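The values are calculated or read from the model by the stated rules, or taken from the named source; none is laboratory data. Bear in mind that the values here come from a model prediction, so they are computed numbers and not experimental data. Methodologically, a virtual Cβ is constructed for each residue, glycine included, from the backbone with ideal geometry; neighbour enumeration extends over all protein chains shown.
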Amino acid sequence: MSGLALSIVLGIALAAATGFRVFLPMLIVSGAAYAGHLQLGSSFAWLGTLPALTMLSAAALAEILAYYVPVVDNLLDTLATPAALIAGTIVSAAVMSDVPPMVKWTAAVIAGGGIAGLTQGLTGILRAHSTVFTGGLGNPVIATAELGGALLLSFLALVAPLAAVALVILFLLVAVRLLRRLFRRARSSDSRS
């Protein structure tokens with residue numbers, strides 16, 4: 001695979017991870033860049049600095065813990081949707097270092113921001129349904145799955161970007177199928193009432 005295609009695939013996989021947790025994938029990218037394992041575009045060199053690493057560490061920890069607090073988790077989903085679009089665009093553009101600017105920004109906004117928003121939207125809908133069907137008791141399970149998804153996708157994107165994108169596609173297919181079931185179940189219970 002060419003460097004251009006690999007760079008775009010890496011960006012898309014990392015953007016999808018920001019749909020699960022906004023700050024954690026950015027923290028992993030920051031840490032990889034700071035340690036010299038990942039080259040960022042010149043305008044994103046700030047992401048590989050100690051101040052960025054410190055701020056992203058604090059933000060990621062706060063975000064992770066907040067998703068385990070009832071009611072706050074659903075509120076965060078409202079705020080995380082636009083934040084995921086922005087973070088997905090930034091993280092995907094940051095890792096597309098060998099890509100011409102027009103291609104980079106088009107791919108970052110459409111593919112990066114789009115996949116981040118889609119991933120975040122699907123997990124938000126799943127959490128909302130979990131809140132309704134379990135009274136919020138199932139939400140920590142979803143929070144843990146999202147955390148695991150963000151970690152797995154972020155690290156996998158750095159070592160095997162194609163595998164990470166395949167995992168994103170699998171997640172989207174499973175999530176859409178699950179949501180269809182939930183909506184069918186909700187419709188059938190509405191028609192019985």
Condition first: closer than 17 Å to Ile142 by Cβ and in a helix (DSSP H, G or I). Now tell me which residues in the range 19-29 satisfy that. Gly19, Phe20, Leu24
Do we find that Ala145 is without any contact (Cβ under 8 Å) to a residue 12 or more places away in the chain, closer than 22 Å to Thr18 by Cα and surrounded by 13 or more Cβ atoms within 10 Å (Cβ to Cβ) in this structure? yes
In the range 1-25, what residues are more than 21 Å from Ile169 (Cα to Cα) and modelled with pLDDT of 95 or more? Phe23
